[in-house]
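Input: a single structure, listed below in structure tokens.
The values are calculated or read from the model by the stated rules, or taken from the named source; none is laboratory data. Treat the numbers as computed from the prediction; the structure is a model and nothing was measured. Here Cβ is always computed from backbone atoms with ideal geometry, including for glycine, and neighbour counts include all displayed protein chains. Calculation scope for accessible area: heavy atoms of the full protein, side chains included, ligands and nucleic acids excluded. Shrake-Rupley method; radii C 1.70, N 1.55, O 1.52, S 1.80 Å.
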Amino acid sequence: MNVKNKESSVSFSQLWQRYGTLGILVLLLVILAVLQPQFFFKADTITQILSQSSVNILIALGEFFAILIAGIDLSVGSVVALSGMFTAKLMVGGVAPLLAVTLGIFLGAVLGFLNGVLVNSTGLHPFIITLGTQAIYRGATLIFSNSSAVFGFPPSFTKFMAQRVLYVPVSAIIAFAAALVLAFLTKKTKLGRNIYALGGNKESAWYSGINIKLHTLIVFIISGICSGIAGAVLLGRVGSAEPAAATGFETYAIAAAIIGGTSFFGGKGKIFGVVMGGLIIGVINFGMNLLSVSSTLQQVVMGALIIGSVTLDRFVANRK
Amino acid sequence: MIRIKTLAEMKNVVKKFPGVTALSGISFDIRAGEVHVLLGENGAGKSTLMKILSGVHKPTSGEIIISGKTYEYLTPFDSYQNGISVIYQELSVINELSIQENLFIGHLPLKKLGFVNVVDYDEMNSRAKQLLEAVGLNRDPKTFVEELSISEKQQVEIAKALASDSKILIMDEPTASLTNSEISHLFAIVRKLKKQGKGIVFISHKLGEIMAIGDRVTVLKDGGYVGTKSISEVTQDDLVTMMVGRQVAKNYQNPDADFEKETVIFEVKNLSRKDEKVKNVSFKLRKGEILGFSGLVGSGRSEMMNSIFGAEPKSSGEIFIDGHSVKINSPYTAIQYGLAMVTENRRETGFFHNFDIAENISILPFIKDSSLGGVGGLVSGDDEKLWSEEQIKKLNVKCFSPRQLVAELSGGNQQKVILGKWLAAQSRIIIFDEPTKGIDVGSKSEIYALMRSLADEGKGVLVVSSELPELLAVCDTIAVFREGEIVKTFDYRDATEEKIILASTAQKGEG
């Protein structure tokens, strides 16, 4: 986590490590502003970018922890869909929105708990376990919803989710609040410190008295909770619960974490970076819509940008 | 009189690594139809010498003569071409392939199929059958290697050497992980190979074995050549005398100390493990005493320490701290009782490469004082600073700042940081497993002095080491391990390298 050099003066590579992702974000915004000034300088540009990014940021926050312990969580998209579908059914069935959302998030936690239990009990890599549960949770969503969408949420829910404070939509406030809580967890709690230790060196962690299985379990529960919250936020944005919702979202979540500087080998990364990563992806998406790039081509550009930005990051970080 | 045919000869071989001379003018030769034993303590230079013969290392000076041709150095290919094969302790067979594929990997028998060469499996199978017969392995050549036992894998390795028509087989501690019946089977194969005129280099610590299988023996000590003798004219005692005699600059014991009247601060009673690596071990540690554990690699010392510390399970046994029985079932519980373990492999089980010095030191006190079994509570930057600065100062860690990454430090300073994390957590009983492995001489003496001052402060110090001079210079009492049991315990005043080696290498029933 603390990558510091011998010299007391701050080198360029250190600056890059700390603020590089912010730099990329600003650069992208500048490019966009130059290319399409007439559209870019509109009041709701910020709102749109934030609103498009918030679901991804929330999922990526959970994904960050899974990657931090040198694992991965491929089931996040399915957890978003299943917990969102559950919340939607409850609300449509007359349960108060706040309670319905709480129960939906709780379901997300349970699904994450199951991932953790399976990883611990089988000893298999989380990639395999969550590849399996991705399919299982998606299948459960289809069965539970009878393969049809659910809509007609109470106005109190849709109105609340449509609100904004200044230019910041509620969905983004939720995502930033979650990021703040998790940043506190990573920086200030023993739990957070132990998770970094576990990700850095599992054997050393065991000899230092860290309960490996318990911490693995907690990490997957955190990921489940984040996806559960994302599920509710997605309902507010789309206005309905789709059985195929959030399909493939794990890719963007992983991309956000990696662009944000999280090491795929575990033990290194920051919440701030993940939020930046999520916003960068949001800006790229928004920008391509603004520049009327066809949706098929968008995929290609996105993929190239992921590879490009991480390569650039490594290149600059390794320069002494 | 049989005519002696020399297969390979090494003359005055010198090998220098930056800062150390690993070999200082060694001469060694291998004759057809003999078993030439290479003997010496850890770090004596046996492996380096054999790596020069197999082309892994380039000698600094000296020459190698094989079938009349003189080489300044061998490449791995030269070595292979001249029929030299090494059977390493960590077997290099590929588990995912069948026996026959392992035997012929790199030179698979081929046949023409139209215009392309394809693998001739029939040819491979029939040749593999002959080779397996030659080494007495009764297995279908199509069996996957992962299904084999360690001794069977070793037989595959030997067969592999025969497949490439090797004339010289170098066996690096081949009996280290074999049972007695497997060893006699291996010896039968070795004798058969001898009859076929192969030259065998046999690296081993086990004196009884050496007497049984060897024809000649060459002893190395600290990279120097001690001598070559015919086995028939030496005794085990002679060999021990040739091996020992290294010195540590000074002793760290207090010659007037008498621990008999001190209180017992740590005790282990009847400790056993299911895998039989530790069998019914008991010992006591008294206040101020440093207790060392000697024995061959694989004799069960590290396994015992891991079981005491709760990192690996034990099947039975009791542990007492200050006379109170304690239940330890994980490192976390061990830490709560004040146990500490400085493990053998710093990189794998010691420090966190992603953490700086301060974070590495503070992780333990944070965990020890946490709520909810190590999970609950906040980290305090002030504590982190305080603890790390205190340990850096106390242990004289050479670093730019507590915020430097541990991975950037030298081995000795890394070891001090690891010790620092345990001291910061107020540990009372400290287990050191090979505490100076890969550490320079200067740092070694610093670590010895630290161990002594910890014992003087009233902390319990247990040391596992394969370096006899180290144990003799630091420990007050030395327990010798053999095959999972303590076979002998010495007061350091009565202990000598000879006595310890004899106790740790004697076969069952002897000594």
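Side notes on the structure shown:
- Take the convex hull of the alpha carbons in the range A:9-127; its mean projected area over all directions comes to 12.2 nm².
- Span-like helix check, chain B: no full DSSP H segment qualifies, none having both a Cα axial length of 30 Å or more and a mean Kyte-Doolittle of -1.0 or more.
- Accessible area of B:HIS324 (1.4 Å probe, protein heavy atoms only, ligands and nucleic acids ignored): about 130 Å².
- Averaged over the residues of peptide A:192-205, the number of Cβ atoms from other protein chains lying within 10 Å of each residue's Cβ is 6.
- In a DSSP loop and with at most 16 other Cβ atoms within 10 Å, the trypsin sites (Lys or Arg not before Pro) in the range B:324-358 are B:LYS327.
- By accessible area with a 1.4 Å probe, ligands and nucleic acids excluded, highest first: order of A:ILE46, B:ILE64, B:ILE94, A:ILE69: A:ILE46, B:ILE94, A:ILE69, B:ILE64
- P(r), alpha carbons of the range B:254-398 - 10 Å bins starting at zero, rounded %: 10, 31, 34, 22, 3
- Computed with a 1.4 Å probe over protein heavy atoms only, the accessible area of A:ARG164 comes to about 130 Å².
- Chain B: relative contact order in percent, alpha carbon pairs under 8 Å with at least 6 residues between: 15 percent
- 15 Å beta-carbon shell around A:SER78, net charge (K/R +1, D/E -1): -3
- B:TYR88-B:THR235 FRET efficiency (beta carbon distance; Förster radius 25 Å; 0.05 resolution): 0.25
- Considering all different alpha carbon pairs of the range B:372-511, the Kirkwood hydrodynamic radius works out to 17.3 Å.
- Computed on protein heavy atoms with a 1.4 Å probe, the accessible areas place B:GLU446, A:GLU203 in the order A:GLU203, B:GLU446, largest first.
- Relative contact order, percent, chain A [alpha-carbon distance under 8 Å, six or more residues apart]: 35 percent
- Cα-based convex hull volume of the range B:127-272 per residue, rounded to whole Å³: 204 Å³
- Taking trypsin sites (Lys or Arg not before Pro) across the range B:251-307, the ones in a DSSP loop with at most 14 further Cβ atoms lying within 10 angstrom of their Cβ are B:LYS274.
- Whole-number D in µm²/s for the range B:429-502 (Stokes-Einstein; Kirkwood sum over Cα pairs; 37 °C, 0.692 mPa s): 252 µm²/s
- Heavy-atom accessible area ranking, 1.4 Å probe, most first, across B:TYR337, B:TYR332: B:TYR337, B:TYR332
- The protein assembly as shown - percent of accessible surface contributed by carbon and sulfur, probe 1.4 Å: 58 percent
- Gyration tensor analysis over the Cα atoms of the range B:1-139 returns equivalent ellipsoid semi-axes of 34, 18, 17 Å (largest first, whole Å).
- Length available on full extension from A:ALA149 to A:ASN120: 0.36 nm per residue minus the Cα-Cα distance, which gives 7.0 nm.
- Counting only Cα atoms, the range B:142-217 measures 38, 28, 17 Å along its principal axes, largest extent leading.
- Stretch in chain A that is longest and holds no chymotrypsin sites (Phe, Trp or Tyr not before Pro) that DSSP places in a loop and that have at most 13 other beta carbons within 10 Å: A:42-263
- One Cα centroid belongs to the range B:54-117, the other to the range A:117-172; the line between them spans 57 Å.
- The alpha-carbon atoms of the range B:196-293 define a convex hull whose volume equals 186 cubic angstrom per residue.
- With θ taken as phi - 60° and the Karplus curve 6.51 cos²θ - 1.76 cosθ + 1.60 applied, the whole-hertz 3J(HN,Hα) list for the range B:328-334 is 10, 10, 7, x, 4, 5, 4 Hz, x standing for glycine and proline.
- Interface A-B: total buried accessible area of about 2900 Å², 1.4 Å probe, protein heavy atoms only.
- Across all directions, the shadow cast by the convex hull of the protein assembly as shown built on its C-alpha atoms averages 44.4 square nanometres.
- Surface per residue (accessible, 1.4 Å probe) for the range B:268-384, Å²: 38 Å²
- For A:VAL117, the solvent-accessible surface with a 1.4 Å probe is about 60 Å², rounded to the nearest 10.
- Unit Cα scatterers, Debye sum, chain A: log10 I(q)/I(0) for q = 0.09, 0.10, 0.11 Å⁻¹: -0.46, -0.57, -0.69
- Rg over Rh for chain B works out to 1.01, using Cα positions for both radii and the Kirkwood form for Rh.
- B:VAL119 versus A:LYS213: modelled label distance in nm, points set 7 Å from Cα along the beta carbon direction: 4.0 nm
- Cα principal axis extents for the range A:27-76, largest first, Å: 44, 19, 12
- Whole-angstrom Cα spans of the range B:352-413 along principal axes, big to small: 36, 21, 16
- Here the mean projected area of the convex hull built on the C-alpha positions of the range B:96-190 is 6.6 nm².
- All C-alpha to C-alpha distances of the range B:305-372, sorted into 5 Å bins beginning at zero, yield P(r) values of 3, 15, 22, 24, 19, 11, 5, 2 percent in whole numbers.
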